[in-house]
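The values are calculated or read from the model by the stated rules, or taken from the named source; none is laboratory data. None of the values given here were measured: they were computed from a predicted structure. Heads up, the Cβs are rebuilt from the backbone with ideal geometry, glycines too, and the neighbour counts pull from every protein chain shown. SASA here: full protein model, heavy atoms, side chains in, ligands and nucleic acids out. Shrake-Rupley method; radii C 1.70, N 1.55, O 1.52, S 1.80 Å.
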Amino acid sequence: MNIVYNIVVFLHIVGAAMIVGIWIGQMKKPTVHPRQFDGAMLQLLTGIALMGLIPALDMDANYAKLGIKLAVAVAVGVLAFMGRRKYKKGEDVGKGLAHAVGGLALLNVAIATLWQ
């Protein structure tokens, strides 16, 4: 069961890299790329899976931290969906929207790593 947990953690990190990496890569001309939405959905799904695996593996969990991370992940997903829709229609994606997606994803990484 630990190997499943580790694979899901790996995929969770890949999702964060997709969001934050594209955001940093497009810092000169901020936009929301459709792959950022894919990364947000990967993070959301794997995060929920990890929350389900915690009790199965008898691990201790900080549910307040997990709840905040879930709320931030949902916000990233919604904003990335809005940005993806604008991007695909050829409309201008505002800088604020682009920075909100990347910044909130980075905040989620900070919460995961710094909150003990």
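Show which lysines lie in cross-link reach of residue 88 when reach means a straight Cα distance below 24 angstrom and same-chain residues fewer than eight apart are skipped.
Here the lysines satisfying the reach criterion relative to residue 88 are 28, 29.
Can you pull the percent of the chain's accessible area that's carbon plus sulfur, 1.4 Å probe, other chains left in place?
68 percent
Please get the size of the charge dipole for the chain, origin at its Cα centre, with Cβ charges of +1 on Lys and Arg and -1 on Asp and Glu, quoted in debye to the nearest 20.
Working: 11 positive and 5 negative charges, 127 e Å.
The calculation lands at about 620 debye.
Taking +1 at the Cβ of each Lys and Arg and -1 at the Cβ of each Asp and Glu, which of 78, 111, 57 sits farthest along the dipole of the chain towards its positive end, judged by Cα position relative to the Cα centre?
Checking the options against the dipole of the chain, the answer is 78.
With every protein chain kept in place and ligands, DNA and RNA left out, what is the accessible area per residue of the chain? Probe 1.4 Å, answer in Å².
Value for the chain: 58 Å² per residue.
Assuming 1.306 mPa s and 10 °C, estimate D for the chain with Stokes-Einstein, Rh taken as the Kirkwood radius over Cα pairs, in µm²/s.
Details: Rh = 14.5 Å.
The Stokes-Einstein estimate is 110 µm²/s.
For the chain, modelled as a GNM with alpha-carbon contacts under 10 angstrom, which of 32, 76, 14 fluctuates the most?
14
Run the reach check for residue 86 against aspartates and glutamates, Cα to Cα strictly under 16 Å, same-chain hits fewer than 8 apart removed. What comes back?
List returned: 38.
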